[in-house]
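What follows is a set of notes on a single structure, which appears directly below.
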Amino acid sequence: MRVLAIVEYDGTAFEGFQVQARKRTVQAELERALARVTGETIRIVGAGRTDTGVHALGQGVHFDTTWPHPLAVLQRAWNAVLPSDIAIRALFPVPDDFSARYDAQSRTYRYTILNQPLRSPLAARYVLWVPEPLDVAAMDTAARQLIGSHDFGAFGTPPRGTNTVREIYRAQVWREGARVHIELEANAFLYRMVRRIVGTLLLVGKGVLDQTQFALVLARQRRAAFAVPPHGLCLIAVKYGVMHENV
């Protein structure tokens, strides 16, 4: 039986998602706990490989198992042995040829900025503190230039091969109190693409770049900003056709 799992995790203490020798990763913890429950050696496949320090609310992974009981029992048992910074939000049976990576219709990332004069120690693990005022409307206008199919080579590198064309379906920036959210939904992302886009949008928000200059960055005629730190980034959701709605 092939199963799709929707996984939430706090990425602070992980060296990214993918298994690495002698390093703590999300994939390794998931596989270790799953082996304890099922008695099987199972390799999971993720929808994306989040970097060190990046969080997830809706990471998708698939795996094959001979588990004979209901998936609700597997979910409870798996969560019972996972560390406190990982949780299985839902399990779905899927066809044998389903791939959490290749069957993903889109991925949505959100970067959160705490935009106020005073830092917040309690929020520091999940937001980037920016004390100076930000023009959120200008940032949102610039972000909408990203929508569509573009060569995003100015903002990142491909995880494999040389193709840097990606399609962004939705790009928006909005404020909720002191927090500024930057959310991007795309078919796929380049390595560090979201974090460099956020860094460049911050230059717009601070008045360093105008809309025309931001367009020049997208056109690879001007350098993008450096990538912002990973701790403000969260993989919000991965959409699949096998699910009626995201969990």
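The values are calculated or read from the model by the stated rules, or taken from the named source; none is laboratory data. In this text, all values refer to a predicted model and were calculated from it rather than measured experimentally. Cβ sites come from the backbone with ideal geometry, for glycine too, and all protein chains shown count toward neighbours.
Residue under question is residue 120, and the condition is that it be free of Cβ contacts under 8 Å to residues at least 12 places away in the same chain, among the hydroxyl-bearing types (Ser, Thr, Tyr) and not in a strand (DSSP E or B); does it hold?
It is true that residue 120 is free of Cβ contacts under 8 Å to residues at least 12 places away in the same chain, among the hydroxyl-bearing types (Ser, Thr, Tyr) and not in a strand (DSSP E or B).
Suppose we filter region 39-54 for residues that are touching a helix residue (DSSP H, G or I) at 6+ places or on another chain (Cβ under 6 Å), within 19 Å of residue 104 (Cα to Cα) and at pLDDT 95 or above; how many remain? Count: 1. Condition test on residue 189, is it within 20 Å of residue 103 (Cβ to Cβ), touching a residue at least 40 places away in the same chain (Cβ under 8 Å) and surrounded by 15 or more Cβ atoms within 10 Å (Cβ to Cβ)? Yes.
Return a yes/no flag: does region 167-180 have any residue that is within 20 Å of the chain's Cα centre (by Cα), of a type in the set (S, T, N, Q) and either more than 21 Å from residue 239 (Cα to Cα) or surrounded by 13 or more Cβ atoms within 10 Å (Cβ to Cβ) (or both). Looking for residues that are within 20 Å of the chain's Cα centre (by Cα), of a type in the set (S, T, N, Q) and either more than 21 Å from residue 239 (Cα to Cα) or surrounded by 13 or more Cβ atoms within 10 Å (Cβ to Cβ) (or both), one finds at least one in region 167-180, hence yes.
Out of the residues in region 38-60 that are without any contact (Cβ under 8 Å) to a residue 60 or more places away in the chain and within 21 Å of residue 99 (Cβ to Cβ), state the one that is nearest to the chain's Cα centre (by Cα).
Checking each candidate, the answer is 46.
Among the residues of region 59-93, which ones are in contact with a Ser or Thr (Cβ under 8 Å, 6 or more places away or on another chain) and under 27 Å from residue 110 (Cα atoms)?
If we filter region 59-93 for residues that are in contact with a Ser or Thr (Cβ under 8 Å, 6 or more places away or on another chain), which is where we start, we get 59, 62, 65-67, 74, 85.
Result: 59, 62, 85.
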